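Here's the structure we're looking at; comments come further down.
The values are calculated or read from the model by the stated rules, or taken from the named source; none is laboratory data. In this text, all values refer to a predicted model and were calculated from it rather than measured experimentally. Cβ placement follows ideal geometry from the backbone for every residue including glycine, while neighbour counts extend to all protein chains displayed.
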Amino acid sequence: MKAQYGILRFAKYKGPEIGHIEAHNERTKEKYASNPDVDVSRSKYNLHLIKPKRKYRAEAERQIAETGCRTRSDSVRVVEALITASPEFFKGKKRAEIKEYFSYALDFIKANQNENTIISAVVHMDEKTPHMHLCFVPITEDGRLSAKDIVGNKKKLTWWQDEFWKHMVKKYPALERGESASKTGREHIPPRIFKEMAHLTKLRSKLDELIVGINPLNKKARLDEIAGLLNKFLPAAEKIGRNLKKYKTAINELEAKNDELAKKNKELIDKSKESLLKKLQIAQLERDYAAAMDLLGRIPPEILSGVNKKPFSAQKVEERL
């Protein structure tokens, strides 16, 4: 039987992106093309353990003003805790049992972060593995806005992981404590990156079929269809290009650091192997991305220039790498 892990991860948000996570968490969109795992027919089974009283950003600003926190334009205003467990843990469990798991996890957050700062806590049952998105304003006990003090350094992140496991194992003794990225030094590549690449690859395949099948009789209809798909393909490609640059840089820095430290400590060989694995994953993503960019060179220029009312070329995307 596979090991079962209790999982807690944090993410920090500063401005416009707060609206994006709200749309995802609260399921305000009709479709989720960038996340094919969302089954909207099952969204009615999602659970709110804490319902938002107002928009995430509005609630964050209200709390900040009411507390009298000093802020900067780049201050983190919302911290999101993603809480879940290994897929095996949820097998055979009824909805009430799943709700009980997340309610118990919520008790842990409440014990370590002022409950009044929590904006929303919603359990998603409409994806492959049940999970909870819990968002709060990072206001400290002494009334400061500081995500750094709450979750922003390696020592504190390790503390959160340790205490979360200690709490959860009291009720769920089968759970094991996973190693956090802060402890192992590994750079995590979010699953959504691979999901987004899979979506981009599907769009590329559709575009490829349309281009190959163009003939004098269907040219106008095909070009219209190609233009429609490009409105989805190009923004997705640009987003992945930015992320690939970000993670490639992080992995290269980690690899260089591990190479230097490995000379002093043989135990770090495993970390070097982990860096190599991530580097290979990045390489595969880059190959898939390159294939998508190659496709753009085969699309009629007049179609590319008409998308979103502005020219777009493979070179512009590639320059971001």
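Things worth noting here:
- Subset tally (residues that are touching a strand residue (DSSP E or B) at 6+ places or on another chain (Cβ under 8 Å), within 15 Å of ARG77 (Cβ to Cβ) and not in a loop (DSSP other than H, G, I, E, B)) for segment 135-179: 7
- Candidate set from segment 291-315 (those that are modelled with pLDDT of 75 or more and within 14 Å of LYS239 (Cα to Cα)); member that is nearest to the chain's Cα centre (by Cα): ALA292
- Inter-residue pairs, beta-carbon under 7 Å, first assigned by TED's automatic domain parsing to the domain that holds ALA11 and in segment 56-83, second assigned to a helix (DSSP H, G or I) and of a type in the set (Asp, Glu), 6+ apart: TYR56/GLU22
- LEU268 vs. criteria part of a helix (DSSP H, G or I), at pLDDT below 75 and surrounded by 13 or more Cβ atoms within 10 Å (Cβ to Cβ): yes
- Scanning segment 117-154 for residues that are of a type in the set (D, E, K, R) and in contact with a Phe, Trp or Tyr (Cβ under 7 Å, 6 or more places away or on another chain) yields a total of 1.
- The condition of being surrounded by 18 or more Cβ atoms within 10 Å (Cβ to Cβ), closer than 18 Å to ALA291 by Cβ and either modelled with pLDDT under 80 or of a type outside the set (Phe, Trp, Tyr) (or both) holds for only one of GLU238, GLU196, GLU255, GLU209, that being GLU196.
- Filter pass, LEU106 being in a strand (DSSP E or B), closer than 25 Å to LYS55 by Cα and at pLDDT 90 or above: no
- Residue within segment 10-25 that is aliphatic (A, V, I, L, M), surrounded by fewer than 19 Cβ atoms within 10 Å (Cβ to Cβ) and touching a residue at least 24 places away in the same chain (Cβ under 8 Å) present: yes
- Pairing each residue of segment 214-226 that is assigned by TED's automatic domain parsing to the domain that holds LYS202 with any residue that is in a loop (DSSP other than H, G, I, E, B) and aliphatic (A, V, I, L, M), provided the two are 6+ apart or on different chains, yields C-beta distances under 8 Å for ARG222/ILE214; LEU223/ILE214; ILE226/ILE299.
- Test: residue in segment 110-122 that is in the same structural domain as GLY68 (by TED's automatic domain parsing), part of a loop (DSSP other than H, G, I, E, B), surrounded by 15 or more Cβ atoms within 10 Å (Cβ to Cβ) and in contact (Cβ under 8 Å) with a residue 60 or more places away in the chain: no
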